[in-house]
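Data first, discussion second: the structure below is written as structure tokens.
The values are calculated or read from the model by the stated rules, or taken from the named source; none is laboratory data. Bear in mind that the values here come from a model prediction, so they are computed numbers and not experimental data. Cβ placement follows ideal geometry from the backbone for every residue including glycine, while neighbour counts extend to all protein chains displayed. In case anyone asks, the SASA skips ligands and DNA or RNA and just uses the protein heavy atoms, side chains included. Shrake-Rupley method; radii C 1.70, N 1.55, O 1.52, S 1.80 Å.
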Amino acid sequence: MKVTMKKIFFSLILIFSFIIPSTSQARLDIVPQKVVIEPRERSGEFTVLNLQNIKGTFRIELVSFEQSENGVYKELEVPLNPNFDPEKTIRFSPRQFSLEPGGRQKVRLSVRKPADLAEGEYRFHAKAIRLIQDDERENTNDTISVVLNVGVTIPVIVRHGNVTSQAKISNTQLIPAGQEENKQPQLKLDIAREGQASTIGRLEVFWQPEGGKNKKIGLVSNANVFTEIDTRHFKISLNEMPIGKGTLLVRYSDEVNKGKILDEITIQR
């Protein structure tokens, strides 16, 4: 019996039309958004928040991601650095727990560094997952409910030995509104990183028109440049396009050592 491509196509449409996402999508968060364990430290902590109005069971998992120059993350099946396997060196307490609606749980992580670990920076991601319960799986005769374990991840950075980093802003370019997908004016720039450590920071853009007040017109938090790349490309959406004469200030600040400026540049217009 012959089966035409047209029949297969409509059969697939029929199948997927009955797949309805579950309304019981979990809402959770982790604070802070990153954990940095300095060379003399052996532990860190973060807090998982249950933002849903029902009780949930949560579990902490380990994930490895590789960052690209455009800030895109690719999940890896092996540790980012073969000399540092977080499954063998990191312990979470607790690893799995339950939370009431609006509840929070502090999770402590301890590091057992190998004796022969070379100086450097090592990274993995901690992922908090809300486990779907049996009573949340809703199947009926005419629908198939797609229920997923929803999770949130944060980077965990472990530094060992004498590691430093520097950053430099370059290749700034103002893009008028309408030339990018989000329809807002943007500032494109590159951040070049040097050293054995990542730069963990935030990008801020200030505009002071001639004779006017200085104001912040752009912000990117979690502007991180990790050790697997030397340069990262950024696009900062701006609240307004700088017009006329004035001074544009771009600042890259350290979010680990608060108050430290990694680099900043001024552009006279």
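Laid out as a table, the results:
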item: Some residue of segment 244-267 being closer than 30 Å to THR164 by Cα, acidic (Asp, Glu) and at pLDDT below 95; result: yes
item: One residue from LEU99, LEU80, LEU62, LEU109 being open to solvent by 40 Å² or more (accessible area, probe 1.4 Å), of a type in the set (A, V, I, L, M, F, W, C) and touching a strand residue (DSSP E or B) at 6+ places or on another chain (Cβ under 9 Å); result: LEU80
item: Residue ID - nearest to the chain's Cα centre (by Cα), chosen from residues in segment 65-77 that are of a type in the set (A, V, I, L, M, F, W, C) and surrounded by fewer than 17 Cβ atoms within 10 Å (Cβ to Cβ); result: VAL72
item: Segment 85-96, residues that are surrounded by 14 or more Cβ atoms within 10 Å (Cβ to Cβ), under 21 Å from the mean Cα position of the chain (by Cα) and closer than 15 Å to ARG123 by Cα; result: ASP85, PRO86, ILE90
item: Search result, residues across segment 181-211 that are open to solvent by 30 Å² or more (accessible area, probe 1.4 Å), part of a loop (DSSP other than H, G, I, E, B) and in contact (Cβ under 8 Å) with a residue 24 or more places away in the chain; result: ASN182, GLN184, GLN196, GLU210
item: Strands (runs of 3 or more DSSP E) within segment 216-269 that include 2 or more residues of a type in the set (Gly, Ala, Ser); result: 246-254
item: Spans of strands (runs of 3 or more DSSP E) in segment 1-103 with at least 2 residues at pLDDT 95 or above; result: 28-31, 35-37, 43-50, 56-67, 73-76, 90-93, 96-99
item: Contacts under 8 angstrom Cβ, first residue in segment 244-260 being on the phi > 0 side of the Ramachandran plot, partner in a strand (DSSP E or B) and aromatic (Phe, Trp, Tyr), 6 or more apart; result: GLY246/TRP207
item: Some residue of segment 159-180 being surrounded by fewer than 14 Cβ atoms within 10 Å (Cβ to Cβ), in a loop (DSSP other than H, G, I, E, B), of a type in the set (Gly, Ala, Ser) and within 25 Å of the chain's Cα centre (by Cα); result: no
item: Matching residues, segment 245-269, being of a type in the set (Asp, Glu) and open to solvent by less than 60 Å² (accessible area, probe 1.4 Å); result: ASP254, GLU255, ASP263
